1. When a/c reaches 1.5 or more, the comparison of a/b and b/c decides; with that in mind, is segment 339-431 rounded, prolate or oblate per its Cα gyration tensor?
2. Out of the DSSP beta bridges found with both residues in the chain, what percent are antiparallel (nearest 5)?
3. Against the longest alpha carbon principal axis of the chain, how many degrees, from 0 to 90 and to the nearest 10, is the axis of helix 173-187 turned?
4. Taking the mean number of other Cβ atoms within 10 Å as a proxy for protection, how do you rank 199-205, 211-217, 165-171 from highest to lowest?
5. Want the number for residue 633 to residue 188: 0.36 nm per residue separation, take away the alpha-carbon distance, what's left?
6. Kindly express, to the nearest 10 degrees and within the range 0 to 90, the angle between helix 461-471's C-alpha long axis and the longest C-alpha principal axis of the chain.
7. Evaluate the relative contact order of the chain (contact order divided by residue number), counting alpha-carbon pairs under 8 angstrom at least 6 apart; express in whole percent.
8. Using only helices, what value at 222 nm comes out for the chain when you add -39,500 (n - 2.57) per DSSP H run of length 4 or more and divide by the total residues, to the nearest 500 deg cm²/dmol?
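Please treat every number below as a calculation from the coordinates, not as lab data. Every value quoted in this text rests on a predicted model; they were computed, and no experiment measured them. All Cβ positions, glycine included, derive from the backbone under ideal geometry; neighbour counts span all protein chains shown.
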């Protein structure tokens, strides 16, 4: 389906790939891995056809079949256009023809409803015909199905029904990324390229995307630092390292084991070749001048020269972060106590928005707590309250000898782009003693020599994250609050951070969407939902198991409710609610609503039979419009009655 042959690739003066090949077949699920800066994003951009002018293909070629279509989700997006579209309109724009038809239908509906229309005129009759044709085309090409799919996808990725009608420009960058994911999935490309798709997703939307991609009928290449995501979805791994692409026939966990095994095998071969060379050299040195052995010595010498030419030590990437958090004096047993904590923001229109309400919590020394919840639930607000960054309602008391360090979600945005790496650290150092440690700390984060004089503004996202992490090592603390510390960190850097946090002897509170990261570190989970807080004891995996069980129970209840409603609609009977003795009045109300629903559904069925006949559209435009208006009114009234019945019956 898609193939790269003998590809050589560079960006500016930096060579990324040399003479590399790979192939993507139908329904292949491929993870693309490698250290930050090896060229993963550049390769995806090149495949998608959206690479920058600085990217040069110096050799090789791409080949793809005629029916291959490519959809690309970049790591960073820019919405210069489509800002005035609603979320649903933007998603529906995945199919241009259907989107234009939906716009035409909306326009014609508006024109038909104008009060000054001459219902007996020829123009109005033509308008009705155009409207009917547009509706027919829309239905014939799957318009109603696509709208339902778009709404389902938007809901799965966390959008509410109210959000469907908000303009694109009203959403943050993370939510705009979700809109782009929705449109891409609706386009259903045969090759889907996803560059860090999990960065802006909460647990619920991440779970939905995983389930969707597991059933995706085509191929995809995924770049992600979420190993759970890769393990669940991919069956092949391509690694970019040392300007080459190596293939591993398994998911990320398989790749890690297989890579280690390959390296051990290469080291074994290298050691054997070295030993063989030493034996050959010893034989040559001993017998090269002895007449009876001269011929054998010459033969061994040729073998030795051949081995020397082909001998190459296995390449190993030794660049890795290694650090430890500085130790602080221990705190008292109670680190923090929250009583009746709340936070309300004022929206741009002046309306109040309550984010957190009446929260009580006790944080004890040695706690390692994950803070989870959907996007917008209030996780970052909660962290800022704990860190003393914003005001709040209620009471927060800090325990004896608590020293706090806070890593904010957008910590990299607080870095000065005009400062050098060294100057940024120097200005953040609280004491002269801390200033003396700056070069050592930067060395732990792979900044040494001329690298420390680089301007912050020219660093990659991963490098900026490393500088932000390095800054928190300038101050010892026994309470560490970290909001999304793994953003932009590659797998190896993330492993080093986990290792450092495992050895941290203070109290830890973490916000992260990375399930592997959390599961490695925490012993309690706080879920923030609907302004409240729920505390779970146990690992993150145990919390997920409980949450999945609760979600499944909720799904079963919803399915049962929908089946009951569908069966009632099909049989034209509404299930009778058995009244409790004190609820006779309510029971009479339910019976009344049921009779009204049955009468309206019978009337609706008759109208549908009339509208299905060819004779219906031969009537005058005035009669046609009158019938259509009455039919729409019937549907609205039925929706209202069903809602009223459900409320009364419950």
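1. Oblate is the answer for segment 339-431, as a/c is 1.5 or above yet b/c matches or exceeds a/b.
2. Antiparallel bridges: around 55 percent, rounded to the nearest 5.
3. Helix 173-187 sits roughly 80 degrees off the main axis of the chain.
4. Averaged packing, sorted descending, gives the order 199-205, 165-171, 211-217.
5. Working: separation 445, 0.36 × 445 = 160.20 nm, distance 3.60 nm.
Result: 156.6 nm gained on full extension.
6. It works out to around 70 degrees.
7. Values: 968 pairs, mean separation 80.7, N = 650.
Dividing the mean separation by the residue count of the chain yields 12 percent.
8. -15000 deg cm²/dmol
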